[in-house]
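The values are calculated or read from the model by the stated rules, or taken from the named source; none is laboratory data. Keep in mind that this is a model prediction, so the values were computed, not measured. Quick reminder, even Gly has a Cβ in these numbers, built from the backbone with ideal geometry, and neighbours come from all protein chains shown. Keep in mind that these areas ignore ligands, DNA and RNA; they rest on the heavy atoms of the full protein, side chains included. Shrake-Rupley method; radii C 1.70, N 1.55, O 1.52, S 1.80 Å.
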Amino acid sequence: AFDAFRVGTGALKVWNDGHEVKLDRVHPGELFVVYAETIYGRTMQIFHVKYLARTEVASLGCVDTDEKREMVRTAKDISVEQKAPGVSDVIRVVESYRLPVMRGKKIVVKGRHAITVNTGDLQDTEWKRVRLPFAFYRYQKPALGFWGTGVAEQLMPHQYEINKLLMISQEATAYCSAPWIVTDNGGKENKVNVRHIRNHAGAIIDGGMGKIQVIAPRPIDPIILQMIDGYVGAAFEVVVVSRMAGMQQSQLGATASGAAQREEHDRYSRRFILQHQQFDQFALDISEIITD
């Protein structure tokens, strides 16, 4: 669920180790699909790419012959630090799934399950199940495509503007938050040398104003602060969360009754009814795959 909030899609893999069913969280960045095939949100095939230690790959159950052990031994290692080969003994393993094509209950085209390294196939067997071993939870389904839309992607335009305004505010605060001291240096021209304006705790400016004057300018225009507050408020509205709910605060106060607090919670929860329904379906998908 947290992956769905951040990157749009969360994935869980169901597999069996002998007679024991196991569930693994899979980062969406490890999964690849064919875009043209998934334009309507469904896929017949998926590729799971992982980078594993060579010794871990050699201990897999499918590495059961001398030929396959040689494949693992000679597989090209992947340098995590992008340095010269041999820095790390990690190899890339691709596990591929292809569903069978069904006509009614009859298999027309066989499915396939393969585990591959760059030196060859460690396993290549028929996949007879009608489901892929992955369950997906999407925070928000896209109009087209397979991967969902997360909170971070929805808030990207707002976050960009907030960051830009915060940089302006930071620079203005650094240069203008300390008072300036303007002194009379006896000159005939009324001017200020801009090189004397420094990013220090105050600045002494030699000018020609005829007197000593302390200037404490306002570091940030209130309009910028209002714009930042406006973008932050708009970001809460995009994800349909009030500021108080986002900060786990209640408008009712500590003395409100339990019924009133439940009513307030239900009012916010109704906004996420689609996410709740998808999460329920996610749990059902996991159950069906486990049963299968």
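Let's see how each residue does on (1) in a helix (DSSP H, G or I); (2) loosely packed, with under 10 Cβ neighbours inside 10 Å; (3) of a type outside the set (Lys, Arg); (4) modelled with pLDDT of 75 or more:
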{"residue": "THR255", "(1), (2), (3), (4)": "no, yes, yes, no"}
{"residue": "GLN261", "(1), (2), (3), (4)": "yes, no, yes, no"}
{"residue": "PHE272", "(1), (2), (3), (4)": "yes, no, yes, no"}
{"residue": "GLN278", "(1), (2), (3), (4)": "yes, no, yes, yes"}
{"residue": "PHE282", "(1), (2), (3), (4)": "yes, no, yes, yes"}
{"residue": "ASP285", "(1), (2), (3), (4)": "yes, no, yes, yes"}
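Residues are listed down the side, and each one gets a yes or a no for (1) within 20 Å of LEU12 (Cα to Cα); (2) not in a helix (DSSP H, G or I):
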| site | (1), (2) |
| --- | --- |
| LEU23 | yes, yes |
| GLU37 | no, no |
| GLY41 | yes, yes |
| ILE46 | yes, yes |
| LEU52 | yes, yes |
| THR55 | no, no |
| LYS68 | no, no |
| LYS76 | no, yes |
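Within the stretch 105-145, which residues are without any contact (Cβ under 8 Å) to a residue 12 or more places away in the chain and closer than 23 Å to VAL26 by Cα?
Matches in the stretch 105-145: ASP121 only.
Considering (1) over 18 Å from LYS13 (Cα atoms); (2) outside any strand (DSSP E or B), say which one LEU122 fails and leave the rest.
(2)
For ILE46, are the conditions met, namely being among the β-branched types (Val, Ile, Thr) and closer than 25 Å to PRO142 by Cα?
Spelling it out, ILE46 is indeed among the β-branched types (Val, Ile, Thr) and closer than 25 Å to PRO142 by Cα.
Condition first: in a loop (DSSP other than H, G, I, E, B) and in contact with a Pro (Cβ under 9 Å, 6 or more places away or on another chain). Can you find one or more residues in the stretch 166-176 that meet it?
Scanning the stretch 166-176 turns up no residue that is in a loop (DSSP other than H, G, I, E, B) and in contact with a Pro (Cβ under 9 Å, 6 or more places away or on another chain).
Between ARG131, ARG138, which is open to solvent by less than 60 Å² (accessible area, probe 1.4 Å) and either modelled with pLDDT of 85 or more or over 23 Å from ILE289 (Cβ atoms) (or both)?
Exactly one of ARG131, ARG138 is open to solvent by less than 60 Å² (accessible area, probe 1.4 Å) and either modelled with pLDDT of 85 or more or over 23 Å from ILE289 (Cβ atoms) (or both), namely ARG138.
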